[in-house]
Amino acid sequence: MDKSNTKRITLNDVALLAGVSSQTVSRVVNNHPYVSEDTRRRVLTAIRKLNYHPNRAARSLATRRSCTLGVIGYDITFYGPAQMVTHIEQTAKRRGYTVILATVDSMTLEEVSQAVVGVGANAVDGLLFISPVVGVTYNDLVNVCGSVPFVQIDTELFANVPSVVIDQRYGSQIATQHLIDLGHRVIAEISGPLTWYGAQARHTSWRDTLLAAGLQPGPSVEGDWTARSGYEAAKRLLAQGVRFTALVVGNDQMALGALSALREHGLRVPEDVSVVGFDDVPEAAYFSPPLTTVRQNFAALGEQSVEYLITLVEKPDTPVHQRVLYPQFVERQSTCPPR
């Protein structure tokens with residue numbers, strides 16, 4: 001066997017290739033702030049070329065940390081949470097951390113407490129809570145987590161807690177305003193489940209944006225994020241007999257179902273009813289017609305949550321704050337002026 005192919009790559013090998021000291025490589029691996037960007041790039045390039053993996057056991061002894069993050073996720077089967085988890089894992093790996101994932105069926109204190117125990121709260125350096133629904137409070141989490149730092153993802157906007165969120169109200173505002181600017185005056189809605197913070201925010205913003213324009217909100221029906229619920233909600237809206245020319249839908253999957261229900265009813269999109277979704281799932285550009293929607297950057301949401309948590313782990317005196325990301329409007333062929 002060729003031993004050169006099985007030799008473990010060491011920190012010294014990286015230092016030699018990058019032309020720096022082993023101490024500098026260690027600083028880069030541990031994300032030390034006092035390294036120039038040029039030096040950091042050279043070291044990271046050498047790490048990638050050599051496929052270097054830090055000795056986790058040695059690092060844990062040196063830092064007295066496990067280099068492990070726990071993630072507690074509620075209903076991560078939907079597109080957004082699933083994307084978040086993927087980018088949480090990727091970002092943690094780049095930063096030298098591993099991830100332990102536990103899921104809960106509800107955000108009750110009992111379930112969350114069990115999940116925290118399940119990921120080994122005493123053995124992880126920090127915890128991420130994907131907590132998009134009404135449930136445990138920040139004080140509950142403080143009591144459950146003890147001295148372990150944590151960050152909430154997708155919680156209530158403007159909450160004074162360590163968290164990373166997307167401004168759902170802004171997303172719904174730009175979607176609704178787009179329809180108003182096109183000339184629509186009766187705009188209906190299919191909301192997501194209103195136990196979700198994001199669904200609440202989008203629903204409230206849809207209503208407030210219409211009222212601010214001097215318009216009365218059209219009829220609204222609640223769905224559960226699935227295409228089937230969007231189909232059924234659209235059927236219920238149509239059965240009410242209110243003539244609406246535009247429809248704001250809480251996510252793209254429900255919009256897909258709504259498009260099917262409108263077609264069955266003999267209505268054309270966008271000629272008879274304009275439709276706006278939310279999320280910009282990869283398939284949205286290939287709906288019939290391609291869907292106008294609001295893009296959420298789930299990759300950034302996952303990445304920012306990990307970066308924030310690691311900052312709390314490595315710099316415990318970091319002030320508690322909420323990081324807010326903003327969605328982007330994407331116009332396609334499912335909206336037009338009323339005819």
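Just so you know, all these numbers are worked out from the coordinates, no wet-lab data involved. Predicted, not measured: the structure shown is a model, and the values here were computed from it. So basically every Cβ, Gly included, is an ideal-geometry build from the backbone, and we count neighbours across all protein chains shown.
Of the residues MET84, MET107, the one with the fewest other Cβ atoms within 10 Å heads the list, and the complete ranking is MET107, MET84.
Taking Cα atoms only, the orientation of helix 37-50 departs from the longest principal axis of the chain by about 80 degrees. Built from the Cα atoms of region 168-296, the convex hull projects on average onto 6.7 nm², one quarter of its surface area.
Above 19 Å, the calculated P(r) of region 140-243 contains 54 percent of its Cα-Cα pairs. Exposure proxy ranking for ASP105, ASP279, ASP317, based on other Cβ atoms within 10 angstrom of each Cβ and starting from the fewest, stands as ASP317, ASP105, ASP279. The Cβ shell under 11 Å around ALA233 holds other residues with a net charge of -1, Lys and Arg each +1, Asp and Glu each -1. Counting only DSSP beta bridges whose two residues both lie in region 221-339, roughly 40 percent are antiparallel. Among beta bridges from DSSP that stay inside the chain, the antiparallel ones total about 10%. Of the GluC sites (Glu not before Pro) found in region 256-339, those that fall in a DSSP loop while having at most 13 other beta-carbon atoms within 10 Å are GLU271, GLU331.
Counting other C-beta atoms within 10 Å, and keeping those with at most 16, which DSSP coil chymotrypsin sites (Phe, Trp or Tyr not before Pro) do you find in region 137-184?
On the way: sites: TYR138, PHE150, PHE158, TYR170; in loops: PHE158.
Sparse-neighbourhood loop chymotrypsin sites (Phe, Trp or Tyr not before Pro): PHE158.
The angle between the Cα long axis of helix 298-314 and the longest principal axis of the Cα atoms of the chain comes to about 40 degrees, rounded to the nearest 10.
In summary, the chain shows an alpha-carbon radius of gyration equal to 1.19 times the 2.2 N^0.38 Å reference for compact globular proteins.
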